[in-house]
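Report on the following structure.
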Amino acid sequence: MSVQVVLIVAVFVAWFAVSVANQFRSGALTARMRRHIPLGLIPLWTFFAPNPARADSRLIWRAEVGGSWRDWREVHFGFGSAGTRWLVHPQLISNKAIADLVNSLLRVDARTEGADRSTVLSSSYVALLSIVVDRSASEAGCSAVQFAVVRTSRLGDERGMSLAFVSEVHGVSAPQLVGDVR
Amino acid sequence: MFAEPALLVSRLIFIGLLIDAIEVVALRSAFADGGIFSRSNLGVLTAGTRWQMRILADTGASASVVAAMVIQFSAALVVIVDGVGEPVGIAAALCCLATSGYVRSRRQIGGSGAEQLTFIALVAFAVVIAAGGSPHARQVGDTFLAAQVTLAYVAAGVAKLASPVWRSGTAMTGILSTEGYGRPRMADLLVAHPLVDRLMCRAVVAWEVTFPLAVVAPRPVLFAYLATGAAFHISCAVMMGLNRFVWAFCGCYPAVWATATLLR
């Protein structure tokens, strides 16, 4: 066996060992490694477990224009058509991106229970706010925005909806990307 | 997969990379200013992370992303035609690694396990080539990929086994009733026939948890496991829209086959 082969055996064994350790989410060592190793090279394979998706997380927002609040609207990218999504499904990426941000936000919020400013200062909160503020740019005279996360589900004829998170109200002015907390 | 580059089935992950390129081009406006993957949003998302997490994260607007995906599409086509056994195919596969790494970093969120496995396979291939790309090195690469696929299934199976929702046999109804992954008619069918849901949940868990047997069992059993896996991923694509998993996971099955053969 050549030196190169011995070396790659060592690389792959180490990589696989870290991958196995990462499946036990509580490990402080693997958490530290995940923060150092980019591009998801240390996988966490759970696929719809332990808590499978049973509801859709939806990002809604509203704008304050001329002193009154407009109706809530959804940041929505549509769902792939059943006829084509088995082959090409770009909407899955956009919807998953919003779901990733929402799940991260809800995790931070659950951890801090609103006791400090961690939720508002988290990257997921600021990123969601930034997405909403970008949308408000087309709203002439918009002075403030607010967003919320709602969970919707459907089973048979029954439709369920629950409010998972409501943001603070953020003042916006045209040249700013992200508004100030009011 | 790497050890038998002439096999057409060894090129499946590159079909996934073709589809990835098409999907990202379809989402090009999301990478422009004001889009969810705009540079300013990515700057926010990666602020405070380590330097290696921020590489290329906010580099290039939608035109750069589209250019990368055009290159990826062409390179993936070359591999599908040529395989990864010859220099042209090897260069094209490494090109796919570069473009897919760029888009993964440039997007940060919205990825799936299928993309992750594809990227791991591409990095593993680069390691194999860096070690000379000899038949031995390729076998080692295949064994690593087989181990990752086995780990993926077992970890997912054990996580499901630990879940009260999966154990109760209602998970599939819940998933299929969402708009994102669902099929209303299928969900209604499962509501009307809860036994079918229970059987599906148990079958998925049993198949995932026992997947390591495939590697050591006689060849017909291995074939049955992999055929079941292909059917499972195709069903997930049709019912849940998880299109990329077919190409990523089935694309690594040749590595599982090669490793199982090696162990005999």
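Hey, what did chain A get for relative contact order, percent, Cα under 8 Å, at least 6 apart?
Relative contact order of chain A: 19 percent.
Arranged from highest to lowest average of other beta-carbon atoms within 10 Å per residue, in what order do the peptides A:38-44, B:49-55, B:13-19 appear?
Descending packing order for the listed peptides: B:13-19, A:38-44, B:49-55.
I'd like the Karplus ³J(HN,Hα) series for region B:213-220: coefficients 6.51, -1.76, 1.60, θ = phi - 60°, whole numbers in Hz, and an x wherever there's a Gly or Pro.
Listing the rounded values in order: 4, 4, 6, 10, 6, x, 3, x Hz.
Mind checking the mean number of beta-carbon atoms from other chains within 10 Å of the Cβ atoms in B:52-64?
Average per residue, whole number: 1.
Checking the a/c ratio against 1.5 first, then a/b against b/c, what shape does the Cα gyration tensor give for chain B?
It comes out oblate by the Cα gyration axes.
Using a Förster distance of 60 Å, how high is the FRET efficiency between residue A:16 and residue A:152, based on the Cβ-Cβ distance and rounded to 0.05?
E(calc), rounded to 0.05, equals 0.90.
On a C-alpha basis, how far is the centre of region B:146-173 from the centre of region B:1-31 in Å? Whole number, if you could?
Region B:146-173 and region B:1-31 have Cα centres spaced 26 Å from each other.
I need to check one value: relative contact order of chain B, counting alpha carbon pairs closer than 8 Å and at least 6 residues apart, in percent.
Relative contact order here is 23 percent.
Amide H of residue A:169 versus every other amide H placed in the peptide plane: which residues, excluding those fewer than 5 positions away on the same chain, fall under 5 Å?
Long-range HN contacts for residue A:169: A:182.
Taking Cα atoms of chain A, Rg/Rh with Kirkwood Rh, to two decimals?
Result for chain A is an Rg/Rh of 1.07.
Which ³J(HN,Hα) values, rounded to whole Hz and listed in residue order, are derived for region B:228-236 from phi using the Karplus coefficients 6.51, -1.76 and 1.60 in 6.51 cos²θ - 1.76 cosθ + 1.60 with θ = phi - 60°, glycine and proline given as x?
5, x, 4, 5, 4, 5, 5, 4, 5
Can you classify region B:1-111 as rounded, prolate or oblate using the Cα gyration tensor, where a ≥ b ≥ c are the square roots of its eigenvalues, rounded means a/c under 1.5, and otherwise it's prolate if a/b beats b/c and oblate if not?
Judged from the Cα gyration tensor, region B:1-111 comes out prolate (a/c at least 1.5, a/b above b/c).
Please list, in order along region A:3-19, the HN-Hα scalar couplings obtained from phi with the Karplus expression 6.51 cos²θ - 1.76 cosθ + 1.60 (θ = phi - 60°), rounded to whole Hz, x for Gly and Pro.
4, 4, 5, 4, 4, 6, 4, 4, 4, 5, 5, 5, 4, 5, 4, 5, 4
Counting only other chains, and only Cβ atoms inside 10 Å, what mean value do you get across the residues of A:153-166?
Average per residue, whole number: 2.
Give me the one-decimal Kirkwood hydrodynamic radius in Å for the protein assembly as shown, with the sum taken over alpha-carbon pairs.
For the protein assembly as shown, inverting the mean 1/r across all distinct Cα pairs yields 23.1 Å.
Around residue A:63, which amide H atoms from residues at least 5 apart in sequence, or from another chain, sit under 5 Å from its own amide H, with H modelled in the peptide plane?
It is A:70, by chain and number.
Could you work out how far the C-alpha centroid of region B:65-124 sits from that of region B:246-264, in angstrom?
Using only Cα atoms to place each centre, the spacing works out to 20 Å.
Highest first, please rank the peptides A:120-129, B:226-235 by the mean number of other Cβ atoms sitting within 10 Å of their residues.
Taking the mean over residues of other Cβ atoms within 10 Å, the ranking is A:120-129, B:226-235.
Is there a simple number for the mean count of other chain Cβ atoms within 10 Å of the Cβ of residues in A:118-128, and what is it?
Taking all residues of A:118-128 together, the mean is 3.
Values quoted throughout were computed directly from the atomic coordinates according to the rules given, and no laboratory measurement underlies them. Since we're looking at a predicted model, the values are computed, not measured. Glycine also receives a Cβ, built like all others from the backbone with ideal geometry; neighbour counts cover every protein chain displayed.
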